[in-house]
Structures are given as structure tokens and as C-alpha cells.
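The values are calculated or read from the model by the stated rules, or taken from the named source; none is laboratory data. On a predicted model such as this, the values are computed, not experimentally measured, just so you know. A quick note on method: Cβ atoms are made from the backbone with ideal geometry, for glycine too, and the neighbour counts reach across all protein chains shown. Each accessible area value is taken on the protein alone, full model and side chains, heavy atoms only, with ligands, DNA and RNA left out. Shrake-Rupley method; radii C 1.70, N 1.55, O 1.52, S 1.80 Å.
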There are 4 protein chains.
Amino acid sequence: MIKVTVWNEYFHDDPQCDKCDARSIECHPNGLHETVAAIVRELGEDKVSVRTAVQKDPEHGLSQEVLDDTDVLIWWGHMAHDLVSDEIVDRVHQRILKGMGLIALHSAHYSKIFKKINGTTCSLKWRDGAYERIFTINPTHPIAKGIPENFELGVEECYAECFDIAKPDDVIFEGWFDIGEVFRSGCTWTRGYGKIFYFQPGHETNTAYWNPHVRKIIQNAVEWCYNPIARPYMDAPRIKTTLEELRNGSEGEYLRHF
Amino acid sequence: MIKVTVWNEYFHDDPQCDKCDARSIECHPNGLHETVAAIVRELGEDKVSVRTAVQKDPEHGLSQEVLDDTDVLIWWGHMAHDLVSDEIVDRVHQRILKGMGLIALHSAHYSKIFKKINGTTCSLKWRDGAYERIFTINPTHPIAKGIPENFELGVEECYAECFDIAKPDDVIFEGWFDIGEVFRSGCTWTRGYGKIFYFQPGHETNTAYWNPHVRKIIQNAVEWCYNPIARPYMDAPRIKTTLEELRNGSEGEYLRHF
Amino acid sequence: MIKVTVWNEYFHDDPQCDKCDARSIECHPNGLHETVAAIVRELGEDKVSVRTAVQKDPEHGLSQEVLDDTDVLIWWGHMAHDLVSDEIVDRVHQRILKGMGLIALHSAHYSKIFKKINGTTCSLKWRDGAYERIFTINPTHPIAKGIPENFELGVEECYAECFDIAKPDDVIFEGWFDIGEVFRSGCTWTRGYGKIFYFQPGHETNTAYWNPHVRKIIQNAVEWCYNPIARPYMDAPRIKTTLEELRNGSEGEYLRHF
Amino acid sequence: MIKVTVWNEYFHDDPQCDKCDARSIECHPNGLHETVAAIVRELGEDKVSVRTAVQKDPEHGLSQEVLDDTDVLIWWGHMAHDLVSDEIVDRVHQRILKGMGLIALHSAHYSKIFKKINGTTCSLKWRDGAYERIFTINPTHPIAKGIPENFELGVEECYAECFDIAKPDDVIFEGWFDIGEVFRSGCTWTRGYGKIFYFQPGHETNTAYWNPHVRKIIQNAVEWCYNPIARPYMDAPRIKTTLEELRNGSEGEYLRHF
């Protein structure tokens, strides 16, 4: 059972927020978090259990308890990254290093947590809108399971290279925009025991989340980002076991404890 | 001409510091920074110009002016990483993303800047002392130029896996310790335009910096980490040039400006 | 159900072979292929079905039929790599590119198929025997599931760097030998749809295959190397579908057919 | 002084060949090899010395003597890959492993040597013609020196993903085609001591080789592929030096000799 938390900024799509807009609310009547949660729930009740959280919640809905009870965190944010508390970001970061997966969607490239993971600016170029096609350039990767070699995404906000990220472990999807741009649309990294996937589609006023391939990619990513290996962790422990003791069967201090 | 700044914590090896110890001062009578600076200066006056800085200096000796005038920063710290100002660390980080190289030596694995670059804990295990041999497992890499396939380092503080780092772009050197440990002793990463090299030898009371191969590795690293490509940078600029305009020769907004 | 074929040279351990030796037969009374097959079968009848093949069989036991019916091929060879038919090697290579996994054990580093996969000499250095410890340096990788951060292997033939392989996608295990050597003991690659894992332990006269961690690693590798995605393949097809046709829903020639 | 050999199939562009066509001869009046050789010679007489070779020459112009005297080999072929002798290909392969660089241009993706390096089919999809733009997605790489973040290439034969290659060490350039395709247009690998660069532009009837950025990329690649480190090589040598002997200063058998 994979426990997923879908985190959404919930400014554009919150009728109660003074920054909201009609088109976003129209696309996501219950909030973008519910749109994405519905995608994950399609994996089945026996496979996943999904909760949601939004930025305006106390502690942004990410108490230590919630994070400890989350296997995979999905993050969508856009206009208010700077209002996310540094303390909560550190908490999320530590939880990732200890095995929680992270799926960063679209404008989450500029979220504090994604920038912390990469150690770069995570900047890119962008255009208002374009017609996008997505290519699977790493068809052997588990996240590419059941995804065609390419598919039409349709209208999407255009993200353009150069995408200032740390070198991905893998680039799985490449985006083509009719307006003349390309973009590394699906990338993975590992940090500690955390597995991270960035996926570019998903502007709040577009219909990417209703594309069947996009839905499948997010579902595959939930399964891939899930890392059930719970290993202990110690802060630079000093080892005193001798080689003789090891040869004689002592496990010594070779456990890394959380 | 590569402009190098050698930064040293200067606690162990500073006779004026109440945390100093005799053995460190004996190894580095003018400070570890001068030991390393001497290594770099061997590249020649026409090739490098070297300055040093220590933690107790105002702004840790790393004003914006100094950083803008530095091509490669070498960092050694051990017992006082937490006393390095977050503001200075951010300044160093931004400078790296804009093209300053970073060489992190030995215990600098736990420095704030190295952890920021990796986005991980950078933890490891360690032992008091061991006999170390170093293997060149990537002999084609420029940092391995003139380095034998393996060499005896001698007595060194033993660092042991698992080293919690981001996946290196390349692992160039692997360390073997007679006491039963291995370690990825030489690794590279790229962040933005910055090139980073971590090198494990160099405990303040050991003689690693007098090993001819260690000296050559540090010199090769200075040359490799130097990235003279100065490209402009813009914070997620919106592009408005049309494809037609581009085909007709307009350069448009495709420059990334610092 | 993963269909595994365990391929063994079966010279050292075949009492009928004039190159056999008593110690190998003692270790592997039914042949090394049965030793390894037993490891795989522990995954369970519902999970795997295992067959074996040896070099002296017609077509080395690897007819097109057998290969098409194999999901993961495990390869052990040592003294007679050159006697493996080039035609069979090409057949195995093509099958790998179409999705069959390959696990190359120990001296299989010098097999024709492993060298074809890497495009390098796959050379290394070696010593008669040493005491080995194995370190898990990539604990997040599926092949590392359930494997401690390090474990004692005991006596094993010592393989030493520099191992002339193509850059692995991942290095999962690192070997330490008391006699002064290190080695990248567990590495992965992907070629086409084939997933490849090389694992260093397993000299024919040693007891590596009875080490519980070694057994678990081989079992994890069988599961990881299994790639059920069957995608078609075409030899550099020319595409004629226009962008308009694609936007209007045509799938066009965008399927890659086997 | 980098010694470069430019190898060309010389069928399309050879007036004496019955497979030639007028447009290719018009683009390359002295053969495509002279077109490319001219690009390399722009680096300067003191920096490079360039020779050419064509498929119809004895031994395809690649005797052991010529190869031993070549630092970087540039390869262009298209319609007659299968007519290149396997023996010569092996010779080229061995020379690459010992330190000769390889630049594979355009349709050389299907050359025997490029497929040997990758261990894959090197297949792709293609279209007759399109308008191409090239993006620099790894601006820190030496091959990207002086290349803008993107540039207009103009009309070029369209190569399309999925490009069945081994995972590149680096992807430096990404191609965008107006007709709806993307392609990893500039990739690097290392095999042994050989450094390999694949660059997609360069159909025999197009003007890519007159684009100033394409010229600069090829020149950068010649400099990057040049690997002057000549190290010896031994075929899996057995080591007999003991740790004691090593500690006492013996270099032992730790040299890898060619």
C-alpha cells in the first residue's frame, strides 16, 4: 500500500483566494490537488491511499506526522513558492533523504524543495502557449511503462531549454513545442533514499491531467518513487570494529540508523 | 590565468585559536591554506594567481568582490562548519552557479556549501587512521592526467562508504583502506556553470598534501574546474520572438543574461 | 512469471570434460548452472521458471526458440569464451536488444556477449585469492533490496581495477580485497530494451554462491533485469505522417515494430 | 598538434561513382571529406594536421600505420556501411580503445564502428527534410564552448527519436524539427581511452557544414576527443606483488601496458 500526499498551492484554483482565476477553477472545481489525487486513486484502493494538503493549511498540511506517514509526495505550486515556510521545506527535504519519494509537477520546478534537491536555480524559459508533443526517449524505464514512443499532448504552456537542473539520473521524456522549443519534460534523480521525478505538463488552465498518457505517467511515477527500503541513518559514525572481529562474525557498527 | 582562492577554516592549525593542536601546526606552519596554495602555485605564475582566505576574516574573506574575482575556490573545513554564515554560503553558491569552480577537500564533505550542492546529508563513516591506496578508475578524465592507475597514499584518516552524495557525474578515484573500507575518493559534479570536484585525502595531521600524486590531482582539478564560459542569466524569462522572426535572422530574447 | 535460462560453460565442473578439476566438481556436483538455478528457483514456482543450458549442447543450448522464450539469461564462462559461436552470440545480442535481460557472473566479464554489450576490452587485473568484503554504495537501487550496507564475502578470487567497461548506468556494489585491491563489483547497463547486470563474485572453486547476500543479489537481479515491455522495432523507418494528420488523431507510423 | 583523419564513404559525392548525385557533388566538389577537413584546418597549422581517407582506398585508407598516427578520426558514411571491411572496423575499434577519438557525423550512426561502440542497433526514425533548430542543453561542456544556447540550422534531413544508443555520458545538443520531431543531436561516450562524439547534422545535400556554429562544434569536438594520455595495456594480467612490497616502494606490476 503506497501512501500518497498530493500537495497543491491552491491559489489559482481556490475560489476563496483573491488571486484565483475562473479558468483554473473551471478546470479544477475541487482544486488541482483533487484532480491529481483522482489520477493516483485510479491505481486502486488496495494499492494506494491518498490524502491532500494545501499551502494555507496549518504547517502547509505537512506536519512531521503526515510526512512520516507519506511514501510519495506530489507537489504543485506556481505563484507563491516564497511563501512556503523554510522550516517545512527542511522537514520535507529530510523526509525525502530518508525514503519519501517526490513528484514535482510543472511549475513546481521553482519550488523551494525542488531547488534544494537540485542545488541549482532550476530556471528555464517559457512562452504563453503552444502545441506540445511528448517523446519517450527512455522506453525501458519503469515510468515509461505503457507509454507510446510519442503522443500528442495538445495545448500546453511552453517550457524551453536551457533547464538549469542537476544532471538527471535519467531523462525519460522530451517535449516538442510547435512554437520552436524543446524541453527535458520527464527527469529522475535520487537523493539519499528518496527518488524524485519531475514532469513538465500541467499548467493550471490546461487539460494535461485529462490526457490518458499523462495520467499513466503520473501513476507509473507513484509506483517508481515509492521506496520501501527503510534503512537506519547515523550522522558520520566512527567505526571501531576491527577486521578480525568482522571476520569472526561481528556485525559491528555497520548499521546506518535513522 | 586562473584565479584561485584557497579557503581554510584555520582552527586546528592556527596557534592563536584555542582549538588548535600541535600536530596540525607542525604539518602546516603557515596554515593548511598556505600548504594548498603552494600546491596550486606550482602550476606557474603565468597560469595561476592564488589568494587565501580563512573563516575568521571579515565575511570569511569571501566578499562579493573576492568571489567575483575567483575562478576556482578550494575549501577545507572540519570542526566549525556550522559557524560559517548562511549568507556567505548563499553568495558562494550563486557564484558557483555562475561559473566558479569548487574543489572540496577531505572534511569539507560536511561543509554547508558542499551539502547545498549535493542536496543530501553528505554523511559517511570514518575511522581514526588506516593505510590508504588510491585507484584511478576513470583514467580518461582530465583530472587523472599523469596519475598512475594506483598509488600508495600511506597513513590517512579512513573515510568509509556509504557516502551519501548526489550521483556524481564521474567517479575518478577510489580509495582502499587496509582496515577494511572503500570510498569514492574523487568525484565530480556540475551545477549550472560551476564544476565541482571532491577529493577525500587531507586530514590536518597527515602528510597527504606532500604526496606528489595528490599534488598533481589538485593541480589537474584546478584546471578542470576552471570554466571561462561566461554566459548571461535571466530568471525564467518569457520569450516573445516568433518562429518567423527567428527564421528571418532575429536573435530575439534567446540570450540568457547575468 | 519470469523465464530464466542459466547458461554455464561447464568445462571446470563437468566430470566428462578433460579440463575439469576436482575442486570445481566438489563445489558444483551438478554443474555451476544447477547451483545458480537453485538460487533463482528460491524465488518460487509462481514467480520464476528456470532452465539450464551448457556450451557443449547443440547451438550451446540457445536456439532462437529458447532465446525467444527467455526473459533473463544468466551467463557464466571462464576458459572457453572463444569457443562460443559468433552466430549464437549475435543471436543473444539481438534478443537482449529486444528485451531479454542479461546477468553476467564473475569471469563472464570476458565473454563475447559481455564485450559486445560494452564495446570495450572488459579487461581487469586479478590475483589468485583474497578475503573480500562487499559494500552497497547505491542502497536505493532495487538490486540492493534487503542487502546490508556491507557484508563479508570471505575467500574469493581477487578482481582488481582498472576494469575496462563502458560507463555503467549505476555502480551498486564495490568490492574490497584485503590484499590491497578494489573493484566495481556490481554494475548495470541498458542496451535497447535489455537490462544488464554484472556481478563479480563466483569463482568456480569458491563458495560465494552459498553466501545468503550473494543469493539475494542474484534473485533481485533476476527481478530487475526482467523487462516485460514488448515494443515493436523497425529498421530506421521513414515517417510520412504530417503534423496535421497527427493533430487530427492519426497514430501514423509512430509505432516501432518488432 | 592533433593529428586528424577525416574518413568519408565518398559514394554520393564522387563523380566517378555510379551512385553519385549532382546535388552532393555541387555541395562537396572535392568530396565531403575535404569539406570537413577544411573545417578542422581552421584550427590552425600549429594546432592540427589533417589527412583524408575514403572507402575505395586500399584498406579504406586506414592501415595500422595511419591509425597509429591518428589522434582523432572523423567518420561520415551513408549507403555503403556494409561494404566496410570487418577487419578494418576491428582495427579502428582497437585503436579507439587505446586512445584515438572518434567523431561520428550524421548518417554515421549506422556505421559498423559506431554500432560496435554502442552495442545497440543505433536505429532512429527519419523524414525527408525539415527546418531544424539546435539547442545547447549542456552549456558547461567543452564541446559547447562559444556555441549559443540555441541557433537556427535551417533545412536538414530530420532524424527522430527514439534513437537506440547506449546511454550517453552527456547529451550536449538537442535538435528541434518544425515537422514535429526531437532528437539527441550531440552526444558523448567514452570507451577505454577513446572519447566519442556523435553529431546529427550533415546530410550530403544540405549546407549544415557551412553553418558557423556547426563548424565551431566540430572544431571543439576535435579538441575534446583528443586524448594524449598514452597508457599501457595488458590483457588481464595476474598481479603477484604483495602489499608489503608495495609499502616498501615497489611499483610492482601495476602498470597497464600497450
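Hey, which of the strands (runs of 3 or more DSSP E) in segment B:1-76, taking only ones fully inside, have at least 1 residues that are in contact with a helix residue (DSSP H, G or I) (Cβ under 8 Å, 6 or more places away or on another chain) and of a type in the set (Gly, Ala, Ser)?
Because the criterion is at least 1 residues that are in contact with a helix residue (DSSP H, G or I) (Cβ under 8 Å, 6 or more places away or on another chain) and of a type in the set (Gly, Ala, Ser), the strands (runs of 3 or more DSSP E) in segment B:1-76 that meet it are B:48-54.
Regarding segment C:194-205, can at least one residue be identified that is within 7 Å of another protein chain (Cβ to nearest Cβ), in contact (Cβ under 8 Å) with a residue 60 or more places away in the chain and within 17 Å of the chain's Cα centre (by Cα)?
Yes - at least one qualifying residue is present in segment C:194-205.
I need the full set of residues from segment D:146-169 which are in contact with an Asp or Glu (Cβ under 9 Å, 6 or more places away or on another chain), under 15 Å from A:CYS162 (Cα atoms) and surrounded by fewer than 24 Cβ atoms within 10 Å (Cβ to Cβ), in order please.
D:PRO148, D:GLU149
Taking into account only those residues within segment B:36-67 that are over 20 Å from B:HIS12 (Cβ atoms) and either hydroxyl-bearing (Ser, Thr, Tyr) or free of Cβ contacts under 8 Å to residues at least 24 places away in the same chain (or both), which is surrounded by the most Cβ atoms within 10 Å (Cβ to Cβ)?
Of everything passing the filter in segment B:36-67, B:ARG41 is surrounded by the most Cβ atoms within 10 Å (Cβ to Cβ).
Quick one: how many residues across segment B:91-130 are at positive phi and not in a helix (DSSP H, G or I)?
Residues meeting the conditions: 3.
Let me confirm something: among C:ARG184, C:ARG91, which residue is more than 17 Å from B:VAL182 (Cα to Cα) and within 16 Å of the chain's Cα centre (by Cα)?
On the way: C:ARG184 fails: more than 17 Å from B:VAL182 (Cα to Cα).
Result of the check over C:ARG184, C:ARG91: C:ARG91.
(1) without any contact (Cβ under 8 Å) to a residue 24 or more places away in the chain; (2) surrounded by fewer than 20 Cβ atoms within 10 Å (Cβ to Cβ): which one isn't true of C:GLY31, the others all being true?
That leaves (2) as the condition not met.
Within segment B:55-81, track down each residue that is aliphatic (A, V, I, L, M) and either within 15 Å of the chain's Cα centre (by Cα) or closer than 8 Å to B:TRP7 by Cβ (or both).
Of everything in segment B:55-81, those that are aliphatic (A, V, I, L, M) and either within 15 Å of the chain's Cα centre (by Cα) or closer than 8 Å to B:TRP7 by Cβ (or both) turn out to be B:LEU62, B:LEU67, B:VAL72, B:LEU73, B:ILE74.
Pull up segment A:82-93, narrow it to residues that are over 20 Å from A:LYS3 (Cα atoms) and either β-branched (Val, Ile, Thr) or out of contact with any His (no Cβ under 7 Å at 6 or more places or on another chain) (or both), then point me to the one that is surrounded by the fewest Cβ atoms within 10 Å (Cβ to Cβ).
A:ASP82
Looking at segment C:182-234, which of the residues that are of a type in the set (Gly, Ala, Ser) and more than 24 Å from C:ASP21 (Cβ to Cβ) is most open to solvent (accessible area, probe 1.4 Å)?
Out of the qualifying residues, it is C:ALA230.
Sort out which residues of segment A:150-193 are assigned to a loop (DSSP other than H, G, I, E, B), facing another protein chain (nearest Cβ under 7 Å) and not small (Gly, Ala, Ser), and write them in order of number.
Residues satisfying the conditions are A:GLU161, A:CYS162, A:ASP164, A:LYS167, A:ASP169, A:ILE179, A:TYR193.
Report, by residue number, each residue of segment A:130-145 that is touching a strand residue (DSSP E or B) at 6+ places or on another chain (Cβ under 9 Å), open to solvent by 20 Å² or more (accessible area, probe 1.4 Å) and either in contact (Cβ under 8 Å) with a residue 40 or more places away in the chain or of a type in the set (Asp, Glu) (or both).
A:TYR131
Please work out which residue is nearest to B:ARG95 (Cα to Cα), limiting yourself to segment A:94-120 and to residues that are open to solvent by 20 Å² or more (accessible area, probe 1.4 Å) and touching a residue at least 12 places away in the same chain (Cβ under 8 Å).
Across segment A:94-120, the extreme among qualifying residues is A:LYS116.
Only one of (1) open to solvent by less than 20 Å² (accessible area, probe 1.4 Å); (2) at the interface with another protein chain (Cβ under 9 Å from one of its Cβ atoms); (3) among the aromatic types (Phe, Trp, Tyr) fails for B:TRP126. Which number is that?
(1)
Among the residues of segment B:206-258, how many are of a type in the set (Ser, Thr, Tyr), over 23 Å from the mean Cα position of the chain (by Cα) and at pLDDT 65 or above?
2
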